[in-house]
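S.K.: Take a look at the following structure, please.
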Amino acid sequence: MVTGGGGQSPRIEVYINGSNNREQLNKEEIQKRLDKSYDMNIAVNGHELSATVKTKHDNIDWKRDGLNISFKIYVPENVSTNLHTSGGGIQLDNLRGKENFTTSGGGLMVNALNGDIHGHTSGGGIQVSNSGDNIDLETSGGGIQAKNCKGTIKLVTSGGGIQFKHLDGTINAHTSGGGIEGKYISGELVTNTSGGGISLDNMDCSLDASSSAGSVNVQMNHVGKYLKLNTSSGNIALKLPAKQGLDLNLNAEKINDQIASDFHGTWTKTNVNGSVNGGGAHVDVHANNNIDVTFN
């Protein structure tokens, strides 16, 4: 864990337990195992603080000699980090700078970071909140939850779903292992899944959303420059703002027959092509099954 704070002097706290976290070890046994099987170095050089630990041997006997070693690092908030672990999660809080962090053995928890943020895990989920500027987070082993973030945001997972709310900016969110749920999004959102459906509410953005494994449900408060929806194995339910000017291009096996007021063009059971309220933002919607479109 790395935590930033105004006027805080840098310090490191080291926590050591048995490898299964339930084994009670005294100081002598801990030191014996450290000397035998680990190289640990903690140092402060000028404005740089470093903490490293690694095993001395590839064939360590984890049951007899293994340790669970974790760090809590306290620094001023204007600090950059470079973190790597293969045996646990990473937590970052209240930092401003360039943050790079990777783990293959746990989740990522990110709160109140601002700057250039890059994180990757292959062994757990991701939670990010109250952060901004440039966010790039990826996991192959779990889901992603994001809230109250702003800026350029990229969220990728191949092992779970994605949930997000109150995001503002240029957002890319992709999963091949679950569904996508979102609400209160501003700016531009590009999202797709091959492992579930999509449900988006209270959208005030440009939107490109597609699914190859489920239905798509979208409620737009306002359409930005464009709206694109596509599914190859489900239905689409779409709620559009009744008073906004839109250009419609809808194609499906069946489209509901609730024609919008002030619609001009062609509206059939399988195709809609025309304008609402004089035209405006482009709305392109395609489904192999049904489209249910309403105007609120």
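S.K.: With the condition kept exactly as written, say whether any residue in the stretch 263-271 is of a type in the set (G, A, S), surrounded by fewer than 13 Cβ atoms within 10 Å (Cβ to Cβ) and either modelled with pLDDT under 95 or assigned to a strand (DSSP E or B) (or both).
M.R.: No, that holds for no residue.
S.K.: When residues of the stretch 66-84 are filtered for being in a strand (DSSP E or B) and either out of contact with any helix residue (DSSP H, G or I) (no Cβ under 7 Å at 6 or more places or on another chain) or surrounded by fewer than 17 Cβ atoms within 10 Å (Cβ to Cβ) (or both), how many remain?
M.R.: 12
S.K.: Just to be sure I understand, how many residues within the stretch 6-22 are of a type outside the set (S, T, Y), touching a Phe, Trp or Tyr at 6+ places or on another chain (Cβ under 7 Å) and not in a strand (DSSP E or B)?
M.R.: Total meeting the criteria: 2.
S.K.: Output the number of residues of the stretch 272-292 satisfying the condition of being at pLDDT below 95 and assigned to a strand (DSSP E or B).
M.R.: Total satisfying the criteria: 0.
S.K.: Could you look through the stretch 86-104, keep only residues that are in contact (Cβ under 8 Å) with a residue 40 or more places away in the chain and charged (D, E, K, R), and pick out the one that is nearest to G7 (Cα to Cα)?
M.R.: Out of the qualifying residues, it is R96.
S.K.: With respect to E77, is the statement that it is charged (D, E, K, R), over 25 Å from K27 (Cβ atoms) and touching a residue at least 40 places away in the same chain (Cβ under 8 Å) true?
M.R.: The answer is yes for E77.
S.K.: What residue, of K54, K32, is free of Cβ contacts under 8 Å to residues at least 24 places away in the same chain and under 21 Å from I90 (Cβ atoms)?
M.R.: K54
S.K.: For the stretch 51-65, how many residues are in a loop (DSSP other than H, G, I, E, B), surrounded by fewer than 17 Cβ atoms within 10 Å (Cβ to Cβ) and at pLDDT below 85? Outline the logic, then answer.
M.R.: Within the stretch 51-65, the subset in a loop (DSSP other than H, G, I, E, B) is 56-61.
Applying the additional criterion that residues be surrounded by fewer than 17 Cβ atoms within 10 Å (Cβ to Cβ) yields 56-59, 61.
Narrowing the set further to residues that are at pLDDT below 85 leaves 57-59, 61.
Going through the stretch 51-65 one residue at a time, the tally reaches 4.
S.K.: Given the residues Y15, Y38, which is the only one that is within 30 Å of N114 (Cβ to Cβ), at pLDDT 85 or above and either surrounded by 13 or more Cβ atoms within 10 Å (Cβ to Cβ) or among the aromatic types (F, W, Y) (or both)? So that I can check it myself, show each step before the final result.
M.R.: Values: Y38 fails: within 30 Å of N114 (Cβ to Cβ).
None of the others qualify; the one that does is Y15.
S.K.: Identify, by number, the condition in (1) assigned to a loop (DSSP other than H, G, I, E, B); (2) exposed (fewer than 12 other Cβ atoms within 10 Å of the Cβ) that L25 doesn't meet.
M.R.: Going through (1) assigned to a loop (DSSP other than H, G, I, E, B); (2) exposed (fewer than 12 other Cβ atoms within 10 Å of the Cβ) one by one, L25 breaks only (2).
Quick grid of which residues meet (1) assigned by TED's automatic domain parsing to the domain that holds S19; (2) hydrophobic (A, V, I, L, M, F, W, C); (3) assigned to a loop (DSSP other than H, G, I, E, B):
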residue: G87; (1), (2), (3): no, no, yes
residue: M109; (1), (2), (3): no, yes, no
residue: N114; (1), (2), (3): no, no, no
residue: G123; (1), (2), (3): no, no, yes
residue: Q127; (1), (2), (3): no, no, no
residue: I135; (1), (2), (3): no, yes, no
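S.K.: Restricting attention to the stretch 272-296, which residues are on the phi > 0 side of the Ramachandran plot and exposed (fewer than 13 other Cβ atoms within 10 Å of the Cβ)?
M.R.: Selection gives G278 alone.
S.K.: Would you check which residues across the stretch 85-128 are touching a Lys or Arg at 6+ places or on another chain (Cβ under 7 Å) and crowded, with 17+ Cβ neighbours inside 10 Å and list them?
M.R.: At the first step, the residues of the stretch 85-128 found to be touching a Lys or Arg at 6+ places or on another chain (Cβ under 7 Å) are 114-116.
Across the stretch 85-128, the qualifying residues are N114, G115.
The values are calculated or read from the model by the stated rules, or taken from the named source; none is laboratory data. Just so you know, these numbers come straight off a predicted model, no measurement behind them. Neighbour counts are summed over all protein chains in view; Cβ atoms, including those assigned to glycine, are modelled from backbone coordinates with ideal geometry.
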